[in-house]
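In what follows, a structure is listed as structure tokens, so that the remarks can point back to it.
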Amino acid sequence: MATQQAASSEAVGAPPELQEYFEATIARDQRVEPRDWMPEGYRKTLIRQVAQHAHSEIIGMQPEGEWITRAPSLRRKAILFAKVQDEAGHGLYLYSAAETLGADRTDLTERLIEGRQKYSSIFNYPTPTFADVGVIGWFVDGAAICNQVPLCRSSYGPYARAMVRICKEESFHQRQGYELLMTMMRGTDAQREMVQDAVNRWWWPSLMMFGPPDDNSPNSAASMAWKIKRHSNDELRQRFVDMTVPQAEKLGVTLPDPELRWNADRGHHDFGTPDWDELMRVIKGDGPCNAERVERRRAAHEEGAWVREAAAAHAAKQTARAREGAAA
Amino acid sequence: MSDTQQGAKAGWPLYEVFVRGKRGLNHVHVGSLHAADDGMALTHARDLYTRRNEGVSIWVVRSEHIAASTRDEKDPFFAPSADKVYRHPTFYDIPDDVPHI
Amino acid sequence: MSDDHVYLTLAEGHEDDTRWAYGTGFEDPLYGVDTAVPDGVDREGLAALCLALGDDALVSAQRLAEWTTRAPELEEEVALANIGLDLLGQARLLYARCGQVDGTGRSEDVYAYFRAPDDFRNVALAELPNGDFAFTIARLLILASWRLAHFERLTASPDPVLAAIAAKGVKELTYHRQYAAEWVVRLGDGTEESRRRMRAGLDGLVPYLGELFDAHDAKTDVLAVLRQVTEAADLPLPEVPSCQGGLGRDGAHTEHLAPLLAELQSVARAHPGATW
């Protein structure tokens, strides 16, 4: 395979037994751990993927976070507050995993706010109504779970372990979204319209979350060979569609795809082609909310600088005082 | 001192977090976080890794203060002088002398 | 093969997932608690107290929620949300109790979403805009210390429900106070800029302290905490004024409460008859 050749050529200079040990670990389906030797390409691919994943959690707080102060019941307010908080926590677990690879969180944050590292395209869409909170839980967290459950078996130990924690917590995220939508569908006509409208807006972007089709996904092959990723984009997309269609029927909403139908021969649903040009535009920074999302993150980071500096300065003074105390 | 000054620029230093979920179990490494000092690291660990579940015991230790070796003799001990990633502990038995803060 | 399937390894011993989604309370907050009001309890006074303490908590939680995605570091994002969720949980319990005691049977949401600003009984300190992180921390220290002193006394309330709510709240508020106190010291001692901001935060809040002590006389406890913390931070403690007459507890508020409530209530009020 091309990727294995690439990995081998990168390993020039590394003792062959290290390369062999690494490949045997992957082949035996065991985890690679931080102190293990690993090919530079493996490390770089992982840092990129884990950092993007972490950035997605942090940027992903924004579209829903907007609604915490306006949630229409105290129960919904508590659920949403806790959910958005979880996303901050998930971002932290993932940055922590990235740091075991030698990345530095401040550096990753700077890459994010300078637009040098990406996050999931889905968070560049706006959330104009409260139904969006429900649909994000149902679609976006549902899609995230499809993506993430297999990552619990990723070949890199710290990433896999972070995903285990995250998946456990996110099952609540999807359920709260679906439950909100069920409640709204039992409510007023205006509420039902809100739900259908949100479904219409989020369906295609959700399908795009799995990334470009397999024949046009430049980084997938290497990730698969190294077992960083365990399933292809198209496989996961199919899984998501198959999972969601019966849920939509039960909810009483229409998924906005005239080509969507059960294919008994394949044992899967057929569905239409997402607008890949739109995905490319959004990934390249031209989505409806890219600028505002990155700007918010930048503002928080920059406006918080004096606080972080103060805490570091206090810690330094404390250390110095302790030293003086010990010397005296 | 120099690393703290660096810390102000580069962000707070990295801490490793070990949690004992219930009595009778060992502390287990759960991940890392950033904090300016030990007290803040404990507070953050409690907020992040336990959501303040009562009765759990938490250890935090600056990542750079952990020395580690691999358990598996065949596991190549590679480039001990390399950067912090190679000294990063994860999933190894916790040495008995990790201080209980 | 030596199995290191991480999911199985980590799933062991973690069957108790209740610690996640902290404070989301999917059930009636007082489910299973004997809610009968004991004889001899002043119902009107008890309801008014629950309402006022609930309003303090709700308004504070709303201000903390405004920090979401804007905190100075991601770890603080998690910490501030934990505190906000604690307070939101307290508000829900107190409103539920209020509805039982005042005889109207109103739900928590009726209190939160369908009252006008001058029906709210929170202290003015809670409704002031967040300001910078130093201001938020100074307010948190003051409110947590004051509320903690109050709750400690309420653990002996003749109403068993309020006593139980207070006992739960004491643990939470002790943590809030510790979190805020540590930050006041860090910011007071840290850099010139943080010291300036911390001083400004305290100076800006102290004028509102009189109202707190008027509402609940915890002056000794609160001032002891403030003195200890400001000494550790080497910050001057401004003169605490006496109250110039009640404000929030009488329904008189600063100009900041109405917009806060307009936002909080906007969706609920835009959809009459809706269920969420």
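A few notes on this one:
- Range of Cα positions in segment A:89-236 per principal axis (Å), largest first: 53, 34, 31
- Within a Gaussian network of chain C (alpha carbon springs, distance under 10 Å), most fluctuating of C:ALA167, C:ALA156, C:ALA36: C:ALA36
- Separation between Cα centres of segment C:57-102 and segment A:248-270, rounded to whole Å: 41
- In this structure, A:ARG116 and A:LYS250 have a Cβ-Cβ separation that, at R0 = 45 Å, corresponds to a calculated FRET efficiency of about 0.55.
- Distance between the pseudo-spin-label points of C:ALA258 and A:MET182 (7 Å out from Cα toward the beta carbon): 4.2 nm.
- Scaled radius of gyration (Cα, divided by 2.2 N^0.38 Å) that segment A:262-325 gives: 2.38
- 3J(HN,Hα) couplings calculated from phi for segment C:120-126 with the Karplus curve 6.51 cos²θ - 1.76 cosθ + 1.60 (θ = phi - 60°) are, in sequence order, 7, 10, 6, 6, 4, 3, 5 Hz; Gly and Pro show x.
- Using the rule -39500 (n - 2.57) for each DSSP H run of four or more residues, divided by the residues of the protein assembly as shown, the 222 nm mean residue ellipticity is -18500 deg cm²/dmol.
- The HN-Hα couplings worked out from phi for segment A:251-264 by the Karplus form 6.51 cos²θ - 1.76 cosθ + 1.60 (θ = phi - 60°) are 6, x, 10, 9, 7, x, 9, x, 8, 6, 7, 6, 10, 5 Hz, whole numbers, x standing for Gly and Pro.
- Kirkwood hydrodynamic radius over Cα pairs of segment A:150-261, then Stokes diffusion coefficient at 37 °C and 0.692 mPa s, in µm²/s: 204
- Here segment C:88-103 is scanned for amide nitrogen atoms under 17 Å from the site 7 Å beyond the Cα of C:THR35 along Cα-to-Cβ, giving C:89-103.
- Cα gyration tensor shape of segment C:172-216, rounded if a/c is under 1.5, else prolate or oblate by comparing a/b with b/c: oblate
- Choice from C:HIS253, C:HIS216, C:HIS176 with maximal GNM fluctuation in chain C (Cα, 10 Å cutoff): C:HIS216
- Put a dot 7 Å past the Cα of C:LEU223, heading toward its Cβ, do the same for A:ASN263, and the two dots end up 7.9 nm apart.
- Cβ neighbours within 10 Å from other chains - mean over A:93-101: 5
- Size of charge dipole - chain C - debye, nearest 20, with Cβ of Lys, Arg +1 and Asp, Glu -1, no other charges: 680
- Cα-based shape type of the protein assembly as shown, given that a ≥ b ≥ c are square roots of the gyration tensor eigenvalues and the cut on a/c is 1.5: oblate
- Think of each Lys and Arg Cβ as +1 and each Asp and Glu Cβ as -1; about the Cα centre, that makes the dipole of chain A roughly 1060 debye.
- Label-to-label distance, nm, for residues given as A:ASP107 and C:ALA270 (7 Å Cα→Cβ offset): 4.4
- Spatially, segment A:30-49 and segment C:160-179 are offset by 46 Å when compared through their Cα centroids.
- Taking every residue in B:39-46 and counting other chain Cβ atoms within 10 Å of its Cβ, the average works out to 5.
- Dipole orientation for segment A:146-226: of the candidates A:GLN196, A:TYR159, A:THR183, A:TYR159 has the Cα lying most toward the positive pole (charges on Cβ; Lys, Arg +1; Asp, Glu -1).
- Fully extended contour minus Cα-Cα distance, from A:ASP234 to A:ASP215, at 0.36 nm per residue: 5.9 nm
- Most mobile listed residue (A:ALA313, A:ALA198, A:ALA299) in chain A, GNM with C-alpha springs under 10 Å: A:ALA313
- The percentage of C-alpha pairs in chain A whose separation is greater than 30 Å is 41%.
- Estimated at 0.36 nm per residue, the fully extended path between C:THR155 and C:SER242 surpasses their Cα-Cα distance by 28.6 nm.
- Kyte-Doolittle mean at least -0.5, axial Cα span of 18 Å or more - DSSP H helices of chain C: C:43-65, C:74-101, C:133-154, C:160-189, C:219-232, C:257-270
- As a calculated quantity, the FRET efficiency between C:GLU193 and A:MET280 at R0 = 60 Å, using C-beta atoms, amounts to about 0.85.
- Using only alpha-carbon positions in chain C, the gyration tensor eigenvalues give semi-axes of 29, 28, 19 Å once each is multiplied by 5 and square-rooted (largest first).
- Segment C:105-222 shape via C-alpha gyration tensor axes, a/c threshold 1.5: prolate
The numbers here are math on the coordinates, done by the rules we state, and not lab data. Everything quoted here is computed from the prediction, not taken from an experiment. So basically every Cβ, Gly included, is an ideal-geometry build from the backbone, and we count neighbours across all protein chains shown.
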